[in-house]
Amino acid sequence: RVKRGWVWNQFFVVEEYTGTEPLYVGKIHSDSDEGDGSIKYTISGEGAGTIFLIDEITGDIHATERLDREQKTFYTLRAQARDRQTDQLLEPESEFIIKVQDINDSEPRFLEGPYIGSVAELSPIGTSVMQVMASDADDPTYGSSARVVYSVLEGEQHFTVDSKTGVIRTAVADLDRETQDRYEVVIRATDMAGQLGGLSGSTTVTIVVTDVNDNPPRFPQKMYQFSIVETAPVGTAIGRVKAEDSDVGENTDMTYQVKDEEGVEMFKVTTDSNTQEAVITVQKPLDYESKKVHTVVVEALNKFVDPRFVDLGTFRDQTIVRVSVLDVDEPPEPAVLYSSTSGADGEGGLGTSSCSPFPLLPGHRYAIDRSTDSERIFDIDAKTGAIVTGKVLDRETAGWHNITVLAMEADNHSQVSRASLRIRILDVNDNPPELATPYEAAVCEDAKPGQLIQTISVVDRDEPQSGHHFYFTLAPEATNNHHFSLLDIQDNTAAVHTQRVGFNRQEQDVYLLPILVVDSGPPALSSTGTLTIRVCGCDSNGAIQSCNSTAYVVSATLSPGALIALLVCVLILVVLVLLILTLKRHHKNHLTSEDDEDMRDNVIKYNDEGGGEQDTEAYDMSALRSLYDFSEIKGGDGGGGPGDGGPGRNPASELHALPQWVQSPDLDFSVFRDYICRKVEQADEDLSVPPYDSFQTYAFEGSDSPVPSLSSINTWSSSSEQDFSYLRGWGPRFRQLAALY
């Protein structure tokens with residue numbers, strides 16, 4: 001068989017070569033090159049003539065510039081072998097690749113910094129804080145240049161990091177926010193799997209210690225003293241006290257209450273939601289003549305108690321408030337039944353008692369000026385002055401009502417006095433929280449776990465005195481969700497993160513994530529909102545390019561024009577296939593007819609390589625076996641020898657006269673054996689020959705040759721002189737064989 005024209009190995013060049021001489025890459029070689037310099041080698045393509053130079057005579061390729069694999073991993077070039085005199089191509093132009101071989105020249109880098117994580121104080125050892133990831137630009141498929149391990153450079157007393165995953169965890173169980181509320185931890189990433197000589201990079205991770213309710217409220221003083229005049233109206237503030245709490249946020253929210261019976265009757269304690277102070281107000285009229293000093297026991301307790309820390313002690317504290325009543329020179333006053341500053345009992349139903357701000361005066365009647373209450377929301381008892389609701393109240397519709405109350409003598413309605421009354425409607429929790437907007441988010445197909453994709457917030461029409469506090473969690477129908485996670489940030493917002501590696505919008509392009517939002521009550525109300533998450537295609541910087549799945553999926557409905565175009569293309573392909581098959585069959589028949597005309601041209605040539613020494617089925621032997629019908633030739637010669645003149649001579653008579661030969665027992669094959677052995681030795685010693693060629697041995701010899709032999713040895717011809725002039729017509733490929741003859 002004929003060897004292939006081009007001979008070369010795989011080409012590699014090491015990156016970041018710093019030598020002064022050009023770096024040898026490899027050699028291209030044609031098997032037709034006899035070493036006489038008649039062939040000129042050239043290359044073209046990426047870097048040809050600039051980065052890569054070739055010796056026109058030897059085919060040696062050298063790199064003249066310093067290469068960087070992180071910028072370009074391989075170069076595609078084309079090789080040409082031309083006749084130096086005529087500049088004609090001697091071999092078909094062939095493409096080859098020079099790969100840039102990686103070295104460890106890129107250190108790991110943390111591309112997603114700065115990193116900020118959080119962990120609750122008093123968390124157990126091993127609690128996961130966050131994950132950091134470093135990227136190495138070296139080749140991950142070659143050696144350990146891109147194999148990264150993580151370690152803690154600073155902060156190892158409190159935190160550890162998983163060497164393989166980069167997950168940061170707590171190393172101690174006594175993190176106390178009140179002692180230190182944040183830590184700066186330095187994480188180092190080292191390539192070469194941490195071996196000596198590896199490159200490293202580091203990043204600083206800020207870990208915020210979040211608060212838990214582990215500190216009870218405490219009054220700075222055990223006793224407070226206030227004074228107030230006896231004529232102070234009901235609702236007058238006497239003073240403020242405050243218990244201190246080392247916690248922050250909602251963990252400092254408190255409620256205050258009066259614990260002794262006398263104090264409950266005379267005074268009222270409310271909590272200022274802004275300052276968390278206890279406001280002590282007068283609940284019943286004071287009388288200096290009856291009692292000059294009142295002692296009130298005020299208790300402070302946390303509104304939200306964490307059951308995990310109840311063993312730390314009681315989360316409440318008490319203090320004593322002494323109220324001194326000051327005497328005032330006052331005129332006699334009619335007795336006051338009761339009154340209220342706001343006149344509101346909260347959002348309520350029909351007939352709810354609101355207030356009785358007016359004294360019970362004999363011979364007087366009360367009424368509401370209907371021009372100030374045209375909707376008759378309130379009614380008043382004409383005798384007692386007690387005001388009650390006439391319709392259902394809704395604070396979200398109207399939080400305040402201003403009415404005018406008329407007081408007149410029972411027997412003389414012309415004697416009228418007016419009083420303006422402002423009624424504040426106290427809030428009750430009757431509106432569930434809702435998502436602030438119909439949120440829609442987008443996630444990239446190549447998103448990584450833990451990536452933030454949306455921060456959500458809620459709105460609530462209610463206004464609790466202690467302020468809003470909402471709790472976020474995934475709805476029960478989303479419990480089997482493995483794609484996204486929801487993190488309650490504890491500031492009335494929540495963050496949605498990815499929980500898996502990568503998404504495929506061909507499989508699913510939209511995810512609906514139900515989120516349950518609960519307020520702090522009482523009673524606690526909840527609602528479920530849906531976050532729509534679309535899977536989008538993004539560029540390398542994470543910028544969204546397209547969120548339309550139809551860019552990758554063929555539409556199920558095609559227009560008539562598109563269907564016609566598709567059918568035409570299919571028809572053209574079928575016609576081309578049939579035409580190729582017909583031409584191949586015609587070409588085969590034509591070759592067969594030419595073979596019959598001249599047996600000397602029947603040279604079977606295989607240009608493809610075998611699969612090794614064990615491959616005995618790489619070639620179809622039937623082509624060699626079926627060139628001639630041995631049985632017909634034997635049958636035609638009637639058992640005669642080659643010298644007979646029977647019909648068996650017809651096939652041979654159609655051939656040009658050639659010397660014929662029959663095997664003789666005393667023939668010497670040493671000439672052929674030496675020639676073959678010499679060629680084998682040359683192939684073994686030639687280091688430029690790739691180790692992929694195989695030598696096929698075919699043991700089939702067949703019967704007697706039906707065509708004349710090419711050999712002149714022991715010819716049947718009686719003539720002792722042979723004419724070998726025709727051997728010059730065999731051409732250069734058979735020159736060696738002709739020389740043997």
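The values are calculated or read from the model by the stated rules, or taken from the named source; none is laboratory data. What you are looking at is a predicted structure, and each value in this text was computed from that prediction instead of being measured. Counting neighbours? That spans all protein chains shown, and the Cβs are built from the backbone with ideal geometry, glycine included. In case anyone asks, the SASA skips ligands and DNA or RNA and just uses the protein heavy atoms, side chains included. Shrake-Rupley method; radii C 1.70, N 1.55, O 1.52, S 1.80 Å.
Restricting attention to region 194-248, and to residues there that are in a strand (DSSP E or B), aliphatic (A, V, I, L, M) and in contact with a Phe, Trp or Tyr (Cβ under 8 Å, 6 or more places away or on another chain), which single residue is farthest from Asp174 (Cα to Cα)?
Filtering region 194-248 down to residues in a strand (DSSP E or B) leaves 200-210, 218, 223-229, 237-241, 244.
Subsequent filtering for residues that are aliphatic (A, V, I, L, M) retains 205, 207-209, 223, 228-229, 237-238, 241.
If we keep only those that are in contact with a Phe, Trp or Tyr (Cβ under 8 Å, 6 or more places away or on another chain) too, we end up with 205, 207, 209, 238, 241.
Working: Val205: 20, Ile207: 15, Val209: 11, Ile238: 43, Val241: 33 Å.
Across region 194-248, the extreme among qualifying residues is Ile238.
Any idea which residue in region 479-507 is modelled with the highest pLDDT, counting only those that are closer than 26 Å to Ala524 by Cα, open to solvent by 20 Å² or more (accessible area, probe 1.4 Å) and in contact with a Leu (Cβ under 7 Å, 6 or more places away or on another chain)?
Leu486
So Ser417 clears everything in (1) of a type outside the set (Asp, Glu); (2) in a loop (DSSP other than H, G, I, E, B); (3) without any contact (Cβ under 8 Å) to a residue 12 or more places away in the chain except one condition, right? Which one?
The failed condition is (2).
Can you work out which of the residues in region 401-427 that are open to solvent by 20 Å² or more (accessible area, probe 1.4 Å) and under 20 Å from Asp460 (Cβ atoms) is modelled with the lowest pLDDT?
Ranking the candidates gives Asp427 first.
Give me a count of the residues in region 105-135 that are among the polar types (S, T, N, Q) and either assigned by the TED database to the domain that holds Arg69 or open to solvent by less than 30 Å² (accessible area, probe 1.4 Å) (or both).
Qualifying residue count for the region: 2.
Regarding region 136-149, can at least one residue be identified that is open to solvent by 60 Å² or more (accessible area, probe 1.4 Å) and modelled with pLDDT of 90 or more?
No: region 136-149 contains no residue that is open to solvent by 60 Å² or more (accessible area, probe 1.4 Å) and modelled with pLDDT of 90 or more.
From the list Thr58, Thr86, Thr42, pick out the single residue that is open to solvent by 30 Å² or more (accessible area, probe 1.4 Å), among the hydroxyl-bearing types (Ser, Thr, Tyr), out of contact with any helix residue (DSSP H, G or I) (no Cβ under 9 Å at 6 or more places or on another chain) and assigned to a strand (DSSP E or B).
Checking each option against the conditions leaves just Thr42.
Could you go through region 508-527 and let me know if any residue there is open to solvent by 70 Å² or more (accessible area, probe 1.4 Å), closer than 26 Å to Val305 by Cα and part of a strand (DSSP E or B).
So in region 508-527, the residues open to solvent by 70 Å² or more (accessible area, probe 1.4 Å) come out as 508, 512, 522-523.
Of the ones still in play, those that are also closer than 26 Å to Val305 by Cα are 522-523.
Cutting the leftovers down to part of a strand (DSSP E or B) gives us none.
Checked against the condition, which is being open to solvent by 70 Å² or more (accessible area, probe 1.4 Å), closer than 26 Å to Val305 by Cα and part of a strand (DSSP E or B), region 508-527 yields no hits at all.
Within region 308-318, identify whether any single residue is of a type in the set (D, E, K, R), open to solvent by 50 Å² or more (accessible area, probe 1.4 Å) and within 13 Å of Asn215 (Cβ to Cβ), and answer yes or no. Steps first, please.
Pass one, region 308-318, residues of a type in the set (D, E, K, R): 308, 311, 316-317.
So of that shortlist, the ones also open to solvent by 50 Å² or more (accessible area, probe 1.4 Å) come out as 308, 311, 316.
Now drop any that are not within 13 Å of Asn215 (Cβ to Cβ), which leaves 316.
Yes - at least one qualifying residue is present in region 308-318.
Within region 240-275, work out how many residues are modelled with pLDDT of 90 or more and either among the hydrophobic types (A, V, I, L, M, F, W, C) or open to solvent by less than 30 Å² (accessible area, probe 1.4 Å) (or both).
7
Any chance region 115-133 includes a residue that's at pLDDT below 90, closer than 14 Å to Ser200 by Cβ and out of contact with any Lys or Arg (no Cβ under 8 Å at 6 or more places or on another chain)?
Checked region 115-133: no residue is at pLDDT below 90, closer than 14 Å to Ser200 by Cβ and out of contact with any Lys or Arg (no Cβ under 8 Å at 6 or more places or on another chain).
Taking only region 162-189 into account, find how many residues are open to solvent by 20 Å² or more (accessible area, probe 1.4 Å) and within 25 Å of Asp139 (Cβ to Cβ).
5
In the list Glu95, Glu70, which residue meets the criterion of being in the same structural domain as Ser44 (by the TED database), in a loop (DSSP other than H, G, I, E, B) and of a type in the set (Asp, Glu)?
Glu70
Pairs only if they're at least six apart or on different chains, beta carbon under 7 angstrom, first in region 482-508 and under 22 Å from Glu250 (Cβ atoms), second hydrophobic (A, V, I, L, M, F, W, C) and open to solvent by 70 Å² or more (accessible area, probe 1.4 Å); list them, first residue then second.
Ala494/Leu487; Ala495/Leu452; Ala495/Leu487; Ala495/Ile489
Where the second residue is part of a strand (DSSP E or B) and among the hydroxyl-bearing types (Ser, Thr, Tyr) and the first is surrounded by fewer than 17 Cβ atoms within 10 Å (Cβ to Cβ) and at pLDDT below 90 and lies in region 466-478, which pairs have Cβ atoms under 8 Å and are six or more apart or on separate chains?
Pairs that qualify, where the first residue is surrounded by fewer than 17 Cβ atoms within 10 Å (Cβ to Cβ) and at pLDDT below 90 and the partner is part of a strand (DSSP E or B) and among the hydroxyl-bearing types (Ser, Thr, Tyr), are Ser466/Thr255; Ser466/Thr271.
Residues that are open to solvent by 60 Å² or more (accessible area, probe 1.4 Å) and not in a loop (DSSP other than H, G, I, E, B): does region 282-301 have at least one?
Checked region 282-301: no residue is open to solvent by 60 Å² or more (accessible area, probe 1.4 Å) and not in a loop (DSSP other than H, G, I, E, B).
All but one of (1) closer than 30 Å to Val149 by Cα; (2) of a type outside the set (Val, Ile, Thr); (3) surrounded by fewer than 19 Cβ atoms within 10 Å (Cβ to Cβ) hold for Gly235, so report the exception by its number.
(1) is the only condition that Gly235 fails.
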